[in-house]
Amino acid sequence: MTNSALRFFMTGLMLSMLAACSTTPYQPSQPPVDDRSSEPTLPQPPETPAYPPVEDAPAEQPRSAQPAPSPQVQTPIKQSPAVVALLDKAEQARVSGDLRSAQNNLQRAQRIAPRDPKVYYSLAQTHMSLEDYDLAEQVALKGVSLSSGNNVLLKRFWQLLTEIRLRAGDVSGAEVAKLRAQKY
Amino acid sequence: MAQKKAPSKKRTRSKNSSPRRKKQTGFISRSSLLKIAFTLLVLLGLLTLFLDVQIRSQFEGKRWAVPAKVYARPLELYAGAPVSLSDLKIELKGLGYQFRSKAAQPGQAAFSSSKAIIATRGFRFSDGMEPARKLILDFNAEGVTRLRDYQGQDVPLVRLEPVLIGGIYPLNNEDRDLIQLKDAPPMLSEALIAIEDRDFYQHHGISPKGIARAMVANIKAGSFVQGGSTLTQQLIKNFYLTSDRSLVRKLLEIPMALLLELHYDKDDILEAYLNEVYLGQDGARAIHGFGLGAHYFFAQPLQELKLHQLALLAGLVKGPSYYDPRRHPERAKNRRNLVLKVLYEQDKITQQQYQQARNASLDVVEKGTLLKEAYPAFLDLVKRQLRRDYRDEDLNSEGLRVYTSLDPITQSHAESSLKSTITSLQQHHGSKLKSLQGSMVVTDPQTGEVLAVIGDKNTRYKGFNRALDSVRPIGSLVKPAVYLTALEQGKTLASMVDDSSFTLTLPNGQTWKPKNFSKQSHEDVLLIDALAHSYNIATVRLGMEAGLDEVINTLNRLGIKRKLDAYPSLLLGAQGLSPLEVATMYQTIAANGFQTPARAIRTVTDSHGEALSSYPFQLRQTIDADDVYLIQTAMQEVTHSGTAASIYSSLPSHINTAGKTGTTDDQRDSWFAGFSNNRLAVVWLGQDDNSPLPFTGSGGALRVWKNFMRSQPLDSFEAPLPDDIKWLWIDTQTGLLSAQECEHSRQLPFISGTEPVEMSECVTQPGQQSNPVTRSLDWIKDWFQ
């Protein structure tokens, strides 16, 4: 009896240890992500890497331990004071009707923060005011592509697209955009 | 005027007749003499009038053809800017800043290990003035952490003045930077007048005193050591007359000098002189004017020059080639010291100033310290883009300012990566690689701006621009377009692709048997792996199934404008493209399906800074966001486990990249094209005589790419996840749905509706699963039983 109790206890203990090793806490807000925190088994990059003179034929290279691409969580954009300053300047210029200056400031902002959807939102607005509806639409679509996961922004972008398309005379396109906006 | 002209014709005729009469009679009457004298007088008057018109029209009109100035992008400084201390030094060196222990004057900088203090010069941009100011920058390993003004107030953003990278010159190749007299250091005029024409402010164009003084000096010396020409005469000579030393020219010089002095005041004449004077030769480019001379010899603006430098410039006027301080430093120094001596003797400087300046070194920088004309390949691209909108004569004479996207820091790293890799390959392979060449294009894939272009391993060589004009087969670089076409037609990354060998019969009856690089064929492989490992046979099968015209359509949507022929060999990259075209193509993928033309120019302004045209950020979505997400994933597999996996021996693992290697038949071309979020680089290596290389795309071009990318402030590539994409676990051997715990399982993205519906055995028959965890558990269970 004691023997089988011990066996039962030991099995239970080992199983629980294994289970602890093999499960990760469930995080509902994130898609499953491969563990990217572990160090790759490739040798660490030396300061001045010495390359082999000729690398192996491409097809025959061993599979590296570098983690393969996996679903990525969009890191939220942290706006730098520089971008905030440029967006402010651009907004002032746009409101006062100096659209070229607004455009210049927004392109400066874009170079600093090319993944910040807000930059594209203002830039699309500016092109709309310049009556360049084609470019305004494309810039807004670029903003959409950078806003995935942010429903508030997506709604605003599709509302802007509705307006751009209406002004451009694209009634059916505006209708589509309006429906997209309502989705968020 | 008109009245005067009519009689002149008559008199001219009478002038012609008078010598005849002279011959006939041998006697000239008094009245004839008078007539002749009168005629000559009128003629002289007319000539004077003619010269007067000439002088005034040229002096008051546009005096010089001012070449367009081409500028690099201005460096943006702000807290968080990914600019290291050493990068800042590269930029400031290109701007000719003096590195001192204290930054006291504009154009000076002081550094400590993690801090920089710079006194900027300020610059008038087309969208506003950036004032000159003193700034304190703090750095860490990532870049700038804090930016303050000298009062300690945080400053959000500052633009440094842009580096001047080139000009567009008129046919005579004269280059100059116009200056105004009020902006020239007073000591420059003092020195010039003291050594060349000390009576300048007293005489009326010619100086008998000066001529006498020169004659005495020449007799004393026994040779020609001093000329008697005034500054006005010298200006006339350079400005209006040809350079031949004819008597007519000499005779014209004097009345013209007198006339010029009659119309204009001394300061106007002096200002024209300062801008006209010839100071040296840089290859085909003639250096004119002290404004440009200061940059050419000292890499500094004229206003920042010290006494000894100004004296040298003034001394050079007499013989720019004879006193060339780079070729004849001793001569130049003697000449400079002579100028200083004269200044001292005329009480223009104190003895202390004299001694100090005399003892100073020449301070002339090496040729090429400034970055003007340093980037011929990039400048070539700029000129081609400009010529679409501007006439040549506007570009080389109107003083236009062209603001470009060139990043001198990025360009500098690209150049050293290409050069060092080529050198090390040549050292290793010896004479086989004697004529190894390379080219490179770097862009910011999000904005489409071109940051760096290299057209030759000798990066300053103004010859064949390989980045734009070398059209070489792109090999496997074409494959992402083939796979993208297949994905658009409903294939998934988990589709099984046949990589077994086959023979294709072409319409003309010929047969073609594509082979893999390794000469081995494979059974069914996952589509994503066929791209990652660059399998040729699988690619040809996929491409033929998708349709050659469809693949060409995809290439067009990716930005290739060239006419492409629908031959099957297109699928393996037999088509030639330039590195710039490849960059355009990959940019569309990097920018999530938005085609963004490669832009090198931001704005063009007139000489007053008024914007003439701007080249805004343009884009057009040509690839669906879902499809581009899939191909981006596959191209990340290339750099993680495929043919470019060696990247991560150089780059940190948290920086995600994507790209593709390319090697052409017989290894004649070695390509790599790849990107992070903020940098896209295309590298080509090959030999101009088209001979084979002893390495592949990954052995050559990829090495340049890695070296370059390692030097860059990289932003990890993160593809935005479209709404319609879901990641699922699939079985790598069958492409069927699987689960995380199953063996051979792997996560891949699918567009909703295209995911496999069938389950792998591991899921349908869990009893037969061979999951390692379950296997271990079984083993433990057995042990305890």
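Go through the range B:603-619 and count every residue that is touching a Gly at 6+ places or on another chain (Cβ under 9 Å), more than 26 Å from B:Thr588 (Cβ to Cβ) and either among the hydroxyl-bearing types (Ser, Thr, Tyr) or facing another protein chain (nearest Cβ under 10 Å) (or both).
1
Quick one: in the range B:428-450, which of the residues that are in a loop (DSSP other than H, G, I, E, B) and more than 26 Å from B:Asp715 (Cβ to Cβ) is farthest from the other protein chains (Cβ to nearest Cβ)?
Let us first name the residues in the range B:428-450 that are in a loop (DSSP other than H, G, I, E, B), namely B:434-435, B:445-448.
Narrowing the set further to residues that are more than 26 Å from B:Asp715 (Cβ to Cβ) leaves B:434-435.
Values: B:Lys434: 17, B:Ser435: 19 Å.
That would be B:Ser435.
Just one of B:Ala583, B:Ala673 is modelled with pLDDT of 95 or more, outside any loop (DSSP other than H, G, I, E, B) and farther than 26 Å from B:Val525 by Cα; which is it?
Numbers: B:Ala673 fails: farther than 26 Å from B:Val525 by Cα.
Criteria check complete, one pass: B:Ala583.
Go through the range B:491-531 and report how many residues are more than 45 Å from the chain's Cα centre (by Cα) and farther than 21 Å from B:Leu630 by Cα.
Total satisfying the criteria: 15.
Any idea how many residues of the range B:175-198 are out of contact with any His (no Cβ under 9 Å at 6 or more places or on another chain) and not in a helix (DSSP H, G or I)?
Start the filter on the range B:175-198 by keeping residues that are out of contact with any His (no Cβ under 9 Å at 6 or more places or on another chain), which leaves B:178-196, B:198.
Those left that are additionally not in a helix (DSSP H, G or I): B:178-180, B:184-185, B:198.
Number of matching residues: 6.
Just the residues that are surrounded by fewer than 21 Cβ atoms within 10 Å (Cβ to Cβ), assigned to a loop (DSSP other than H, G, I, E, B) and without any contact (Cβ under 8 Å) to a residue 24 or more places away in the chain, please, taken from the range B:94-112.
Hits for the range B:94-112 are B:Arg100, B:Ser101, B:Lys102, B:Ala104, B:Ser112.
Going through B:Gly166, B:Gly210, B:Gly222, B:Gly205 one at a time, which residue ends up being small (Gly, Ala, Ser) and surrounded by fewer than 20 Cβ atoms within 10 Å (Cβ to Cβ)?
B:Gly222
Would you pick out the residues in the range A:107-141 that are assigned to a helix (DSSP H, G or I), within 23 Å of B:Thr404 (Cβ to Cβ) and within 9 Å of chain B (Cβ to nearest Cβ)?
A:Gln107, A:Arg108, A:Gln110, A:Arg111, A:Ile112, A:Leu123, A:His127, A:Leu135, A:Val139 - these are the residues of the range A:107-141 that are assigned to a helix (DSSP H, G or I), within 23 Å of B:Thr404 (Cβ to Cβ) and within 9 Å of chain B (Cβ to nearest Cβ).
Quickly run through the range B:360-396 and pick out the residues that are in a helix (DSSP H, G or I), buried (at least 17 other Cβ atoms within 10 Å of the Cβ) and in contact with a Pro (Cβ under 9 Å, 6 or more places away or on another chain).
Hits for the range B:360-396 are B:Leu395, B:Asn396.
Answer yes or no: is there a residue in the range B:608-622 that is modelled with pLDDT of 95 or more, touching a strand residue (DSSP E or B) at 6+ places or on another chain (Cβ under 7 Å) and in a loop (DSSP other than H, G, I, E, B).
Yes: one or more hits.
Which of the residues that make up the range A:142-179 are closer than 17 Å to B:Gln621 by Cα and either in a loop (DSSP other than H, G, I, E, B) or among the aromatic types (Phe, Trp, Tyr) (or both)?
A:Leu146, A:Ser147, A:Ser148, A:Phe157, A:Trp158
For the range B:635-662, enumerate the residues that are surrounded by 23 or more Cβ atoms within 10 Å (Cβ to Cβ), within 18 Å of B:Arg703 (Cβ to Cβ), over 28 Å from the mean Cα position of the chain (by Cα) and more than 7 Å from chain A (Cβ to nearest Cβ).
Within the range B:635-662, B:Val638, B:Thr639, B:Gly642, B:Ala644 qualify.
Please go through (1) farther than 26 Å from B:Pro74 by Cα; (2) within 14 Å of chain A (Cβ to nearest Cβ); (3) assigned to a loop (DSSP other than H, G, I, E, B) for B:Leu531 and return the number of the only condition it doesn't satisfy.
(3)
Tell me which of these B:Pro652 doesn't satisfy, since it passes every other one: (1) within 23 Å of B:Gln426 (Cβ to Cβ); (2) without any contact (Cβ under 8 Å) to a residue 60 or more places away in the chain.
The single condition B:Pro652 does not satisfy is (1).
Can you pull out every residue in the range B:683-728 that is more than 10 Å from chain A (Cβ to nearest Cβ), closer than 23 Å to A:Gln110 by Cα and in contact with a Pro (Cβ under 7 Å, 6 or more places away or on another chain)?
Within the range B:683-728, just B:Pro713 meets the criteria.
The values are calculated or read from the model by the stated rules, or taken from the named source; none is laboratory data. Note that this is a predicted model, so its numbers are computed, not measured. Heads up, the Cβs are rebuilt from the backbone with ideal geometry, glycines too, and the neighbour counts pull from every protein chain shown.
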